[in-house]
Each structure stands twice: as C-alpha cells, then as structure tokens.
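The structure appears below as structure tokens.
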Amino acid sequence: MNKKNIAIIGAGISGLMLGCILREKKIECTLFERSKTISEYGAGITISPNGLLLLEQIGILDELNKSSCNPLSVCFKYSSGALIKKITSNEFGNILTTNRREIIRVLFNQYQNLGGEIIFNHQLEFYDEKVNKLTFENGSSYIANHVVGCDGIKSIIRSKNFNSRETPDYSGYSAWRGIGLSDSKHINLYFNSNSHIVCYPVNNKLETSFIAVFKDKNKNQETWRREGTHDELRNDLSEYDSFLQSIFKSSSKVFKWGMYVRPPLKTIFKDNITLLGDAAHPMLPFLGQGGNLALEDAYIFGSLCHKFQSNFELIQQKYQQARLQRTNKIQRMSKQQAMVYHATNPLITRTRNFLLRNTNIAKIRLQDIYAYNAIEEMNKI
C-alpha cells in the first residue's frame with residue numbers, strides 16, 4: 001500500500017494553490033483528483049487584491065495577467081442600465097477578472113514545474129482516520145500522514161468525517177451563468193427587485209462573464225453544469241437592458257442551478273484532517289470571495305506546514321485561529337449582501353440606492369474585505 005506525506009483531495013483552486021506552496025517549501029505532497037484530467041467549467045472569477053498578492057507571491061500573477069483583464073471600475077446600475085454609482089479601480093485597488101479555466105491552468109502548470117505529483121481519476125470513497133487510510137472508488141488505497149480536504153462545496157471528507165448536517169437547505173435563489181461578448185471594460189452590477197446581475201470581461205477578446213441570481217420558488221438542482229435554454233433565461237431576466245440582453249444572446253451556452261446553503265462548521269479540522277476552501281466554508285457568491293478565501297486558506301496552511309514541520313496538531317490549531325474568524329465574517333457579510341441586493345420593500349431599495357449614490361459605503365465595504373493580507377497575518381504567527 002502506497003504511503004503519502006500530505007494527501008490533498010481535490011485539484012481546484014485551494015488544492016492546487018496548497019500544492020504550489022508545499023512544493024515551493026520542498027514539502028512532499030500528492031494531489032488526488034476525481035476527474036480524468038485538469039478541467040474546470042468555463043465561468044468567470046474575480047480575484048481581488050487579497051488574492052492577487054498571493055498569486056504574485058508564488059510567481060504566477062504575470063502569467064495569469066496575459067489571459068485576463070483588469071476592469072477599469074465597478075458600475076452599480078438599475079435594471080434599465082441607468083447608472084447609480086461608479087467606483088474606479090484607483091479607489092479600491094487592482095482587481096483581476098478571468099476565466100476559472102485560466103487560473104486552474106496556471107496553478108496546475110506551476111505545481112508541475114515544482115515537481116508536484118497528481119493522481120487523476122481518483123474519487124474518494126472513504127477516509128479511515130483511525131489508520132490514516134484513504135480508499136478510492138477505483139479500489140486503490142493510500143496511507144497519508146495528513147489529509148487536506150479541498151474537494152469543494154460537496155466535500156466527501158466533510159460529509160463523512162465531520163458529522164456535519166449535510167442536507168443542504170435551498171436558499172430561495174437560483175442562478176444563471178454564461179460567457180457572451182461585449183466591449184465593456186468594467187464590472188457592471190445591476191439591481192432589480194428580485195434579482196441582480198454581475199458581468200465583467202474575462203480577457204481582451206471581448207468575452208464577458210455574467211452571473212444572474214434571482215429569487216425562485218423552484219428548487220433547481222445544485223450543479224453548475226446543468227445547461228438551460230436562452231428562452232428560459234430571457235423569461236427569467238426580461239427586465240434588464242439591451243446591453244445585457246445582447247450578452248445573453250451571444251452566449252453559446254447558458255447554465256442554471258439552484259443555490260443551497262450549509263451551516264458554518266464550528267471547527268475546520270478533526271483528527272488528521274483539515275478543510276480548505278469551499279469544503280471548509282461554503283457560501284453564497286454575493287461577495288465574489290470564494291476563490292480568494294481558497295487562496296488565503298492554502299497560503300496560511302501551507303506556510304504553517306513549513307514553519308512547524310510535521311507537527312500537524314499545532315498546525316491545525318494555528319490554522320483555525322488564523323482563518324475561522326475571517327471566513328465566518330465573510331459568510332455573514334455574504335448573507336447580508338443577499339438581502340441588500342434583493343430587497344423588495346420600496347423604502348429599503350430607495351435607501352440602498354441613495355446610500356450607494358451619495359456615500360462611500362460601497363467602497364468602504366470593499367476595502368474592508370480587500371485589506372486582508374494573508375502574508376502579514378502569517379508573519380504574526
């Protein structure tokens with residue numbers, strides 16, 4: 001039976017980032033990925049300053065910049081397209097928008113360049129923490145000194161080893177996503193009474209990602225890969241302006257899914273297991289911080305592994321102390337943001353729009369999130 005030092009379950013953003021950090025520190029690790037190859041759905045992702053500094057730290061930001069975009073501003077708009085407020089990039093710091101495929105590709109290449117090992121076509125079936133044994137659906141098994149769950153919102157590690165309530169609750173929201181075409185160089189955030197839409201360029205080829213979240217009584221399936229129809233999309237989002245309608249029309253494929261919530265964990269480690277990214281703190285995407293928190297988690301945990309060597313009990317304690325308050329805060333803020341975006345009371349919506357237009361509340365809120373510096377936090381430990 002093969003024995004591994006650190007086994008990372010899942011080759012998404014948190015798993016690949018952790019692999020890069022560990023290999024850079026000459027720490028042996030192995031990534032196990034359920035797919036046959038590195039693959040990621042075509043969807044946009046926003047990397048804010050708190051994530052960008054970590055990509056720069058591991059030396060891949062310049063490469064990612066080649067296939068990404070730096071929006072000029074964030075524009076808050078009514079569904080009609082009328083402008084409420086514009087915040088320029090100079091006011092809140094640099095933001096990078098890209099396709100998820102690109103950040104996965106760049107992280108994977110970096111991991112391979114650092115000599116990282118990855119084993120594909122391995123879907124985890126069970127982990128026996130008593131004997132540190134990983135068993136996969138294909139019949140293979142491994143012994144690992146430590147297991148890191150980076151296997152996403154539907155984490156097998158979390159559901160089977162943390163005794164968490166794994167029946168997710170429907171949030172009351174469904175979402176559409178797709179990638180169309182536009183010449184906009186801005187992040188555009190549209191409000192309507194029961195929905196909101198965010199769209200932004202993902203490269204310099206006019207490709208524009210959109211995600212539309214709306215209140216929906218239908219409990220749609222929780223999967224990003226369910227393809228919908230353009231007619232269904234237009235029916236759900238008919239009140240939005242011609243600019244958005246043209247992006248919808250130019251999207252070759254559109255996808256619709258239901259959004260579900262899971263209660264926060266009281267601890268993100270147990271025995272010989274540590275959780276990172278969406279496996280540790282799944283959240284609704286109202287702040288665009290899921291990928292950034294995954295980068296932060298991986299940087300902190302990987303750096304702790306280097307600082308405290310193989311003292312995983314101490315590493316876990318320090319990791320939770322460094323991360324749990326931060327991630328719980330972002331989870332709470334995301335829920336609050338959902339209520340702000342989807343307010344239906346006319347008085348509340350008028351107040352929201354007035355504050356956006358006449359105060360710096362949006363900029364202050366963004367700066368509060370973006371100001372977190374994982375490198376500085378690690379230096380304090």
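What follows draws every value from the coordinates through simple rules; no lab data is involved. If you're wondering where the values come from, they're calculated on a predicted model, not measured in any experiment. A quick note on method: Cβ atoms are made from the backbone with ideal geometry, for glycine too, and the neighbour counts reach across all protein chains shown.
Eigenvalues of the alpha-carbon gyration tensor of the chain, scaled by 5 and square-rooted, set the equivalent ellipsoid semi-axes at 35, 22, 20 angstrom, largest first. Placing pseudo-labels 7 Å out from each Cα toward the beta carbon at GLU377 and TYR78 gives an inter-label distance of 4.0 nm.
Estimated translational diffusion coefficient (Stokes-Einstein, Kirkwood radius over Cα pairs, 10 °C, 1.306 mPa s) of region 52-210: 82 µm² per second. Can you give the log10 of the normalised intensity I(q)/I(0) at q = 0.31 Å⁻¹, computed with Debye over equal Cα scatterers of region 230-277? Listed by q, the Debye log ratios stand at -1.20.
Averaging the Cα positions of each part gives two centres, and for region 45-60 and region 198-269 these lie 25 Å apart.
Where the alpha-carbon atoms of region 275-325 are placed on the principal axes, they occupy 36, 15, 14 Å, in descending order. Note on LYS219 and GLN336: their simple-model spin labels are 3.0 nm apart, each label 7 Å out from Cα toward Cβ. With the cut-off at under 19 Å, measuring from each backbone N in region 304-340 to a point 7 Å along the Cα-to-Cβ line of ASP368 picks out 323-340.
Measuring how big region 164-226 is from its alpha-carbon positions, Rg and Dmax come out at 14.4, 45 Å. Treating r as the C-beta distance of LYS329 and ASN94 and R0 as 35 Å, the FRET efficiency rounds to 0.95. The smallest convex shape that holds all Cα atoms of region 1-112, its convex hull, gives 126 Å³ per residue. Extension gain, SER141 to ASN353: 0.36 nm times the residue separation minus the Cα-Cα distance gives 70.7 nm. Just to compare against my own numbers: the Cα pair-distance distribution for region 309-381, 5 Å bins, whole % per bin, please. Percent of Cα pairs in each bin: 3, 12, 16, 19, 14, 10, 8, 7, 5, 3, 2, 0. In summary, region 131-245 shows an alpha-carbon radius of gyration equal to 1.48 times the 2.2 N^0.38 Å reference for compact globular proteins. With contacts taken as Cα pairs under 8 Å and at least 6 residues apart, the chain reaches a relative contact order of 22 percent. Report the GluC sites (Glu not before Pro) located in region 108-185 that are in a DSSP loop and have at most 15 other Cβ atoms inside 10 Å of their Cβ, or state none. Here the GluC sites (Glu not before Pro) that fit, given the DSSP loop and packing criteria, are GLU129, GLU137, GLU166. A Cβ-based charge dipole, computed about the Cα centre of region 1-131 with Lys and Arg at +1 and Asp and Glu at -1, lands at about 240 debye. Counting other Cβ atoms within 10 Å as a rough exposure proxy, the listed residues THR97, THR351 run THR351, THR97 from fewest neighbours to most.
Sorting HIS146, HIS230 by the number of Cβ atoms found within 10 Å of their own Cβ, with the fewest placed first, yields HIS230, HIS146.
With the cut-off at 14 Å, report for region 25-85 the share of all Cα pairs above it, as a whole percent. Above the 14 Å cut-off, region 25-85 has 76 percent of its Cα pairs. Rounded to the nearest 20 debye, the dipole size of region 69-108 about its Cα centre is 140 debye, using +1 on the Cβ of Lys and Arg and -1 on the Cβ of Asp and Glu. Of all DSSP-defined beta bridges confined to the chain, some 70% are antiparallel rather than parallel. Let a ≥ b ≥ c be the square roots of the eigenvalues of the Cα gyration tensor of region 99-169; is it rounded (a/c under 1.5), or, if not, prolate (a/b larger than b/c) or oblate? It comes out oblate by the Cα gyration axes. Neighbour counts of C-beta atoms inside 10 Å place LEU61, LEU293 in the sequence LEU61, LEU293, starting with the fewest. What is the log10 of I(q)/I(0) for region 222-369, computed with the Debye formula using one identical point scatterer on each Cα and no solvent, at q = 0.11, 0.17 Å⁻¹? The Debye formula, applied to the Cα set alone, gives -0.63, -1.10. The modelled label-to-label distance for the pair ASP62/ASN204, using points 7 Å beyond Cα in the direction of Cβ, is 1.6 nm. Would you please classify the overall shape of region 53-102 from the alpha carbon gyration tensor, given that a ≥ b ≥ c denote the square roots of the eigenvalues, rounded means a/c under 1.5, and beyond that prolate means a/b larger than b/c while oblate covers the rest? Verdict is prolate for region 53-102.
Taking 27 Å as the limit for the C-alpha separation, the pairs LYS205/LYS256; LYS25/LYS270; LYS266/LYS363 exceed it in the case of LYS266/LYS363.
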